[in-house]
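All remarks here apply to the structure that follows.
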Amino acid sequence: MPASNSPQQDDRLVIGVTGRIGAGKTSVSRHLSNAHGFQYVRYSQVLSDWRANDPESKAHLQAIGWEVMSGGMQTELNKRLIGQLQPRGDAVVDGLRHPIDFESLQSSFASHFRLLFIECPEAIRWQRLRSRLPTLEEFRRADSHPVEQQIESLRERAFAVVSNDSSLQDIYSKVDLLLHEIRQGGQS
């Protein structure tokens, strides 16, 4: 079983990716998977597999996510997510939203875990999500949903905060540089 109560003893790297909706978490996570061979695990997929019956609806997933958070089930969600991580090899976890997410991954992977916070101005985030949230009011309602409210508290726990206000190639280059620094021991 990949997870245990004690930190993993292998040399893997587990990167958690967090940020507001539309910041680029999934793009960064998929880049780490596609370009660097990281196993890709997404909180929303684990949540959907566990509790949801409409995985395509952002509003539905937010409602289920809030039910889990407010119902004291965040630890169980994290146990399920960590259970999906392969026992060896690097992994990227997309979509941390709560301090318990950070604490669970840090507890399981100790110094092998890094949190990456993606920041992006609201106007750019909304433009990215306009096909799903066509009005600014809808976007702001989704962005201010209670399930999204703990994200900023993760900023101070991140090993790096990366601005994603330009092209995909720009954010990919920034992430590649950070990954290189981690591998060289330049980030702790």
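Please treat every number below as a calculation from the coordinates, not as lab data. As the structure is a prediction and not an experimental result, all values here were calculated from the model. Counting neighbours? That spans all protein chains shown, and the Cβs are built from the backbone with ideal geometry, glycine included.
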Output needed for the range 61-133: three equivalent-ellipsoid semi-axes, defined as square roots of 5 times the C-alpha gyration tensor eigenvalues, in descending order, whole Å. 25, 18, 11
Taking the dipole of the chain about the Cα centre (Lys, Arg +1; Asp, Glu -1; charges at Cβ), the one of ALA160, GLY72, TRP50 that reaches farthest to the positive side is TRP50
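State the dimensionless ratio Rg/Rh of the chain (Rg: radius of gyration of Cα atoms; Rh: Kirkwood radius).
Numbers: Rg = 15.9 Å, Rh = 16.8 Å.
In the chain, Rg relative to Rh is 0.95.
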5 Å is the cut-off here: which amide hydrogens, built 1.01 Å from N in the peptide plane, fall below it relative to PHE113, excluding neighbours closer than 5 in sequence? VAL14
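Within 10 Å, count the other beta carbons around each residue, average over each peptide in 90-102, 68-80, and list them highest first. Walk me through the numbers before you get to the answer.
Working: 90-102: 22.6, 68-80: 15.8.
Descending packing order for the listed peptides: 90-102, 68-80.
Counting Lys and Arg as +1 and Asp and Glu as -1, each charge on the Cβ, what is the dipole of the range 14-183 about the Cα centre in debye, to the nearest 20? Could you put the intermediate results ahead of the total?
Numbers: 21 positive and 21 negative charges, 46 e Å.
Dipole size: approximately 220 debye.
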Within 15 Å, Cβ to Cβ, of ASP170, how many net charges do the neighbouring residues add up to if Lys/Arg are +1 and Asp/Glu are -1? -1
So for the chain, taking the charge dipole from beta-carbon charges (+1 Lys/Arg, -1 Asp/Glu), which of ALA110, ILE21, GLY89 sits furthest toward the positive end? GLY89
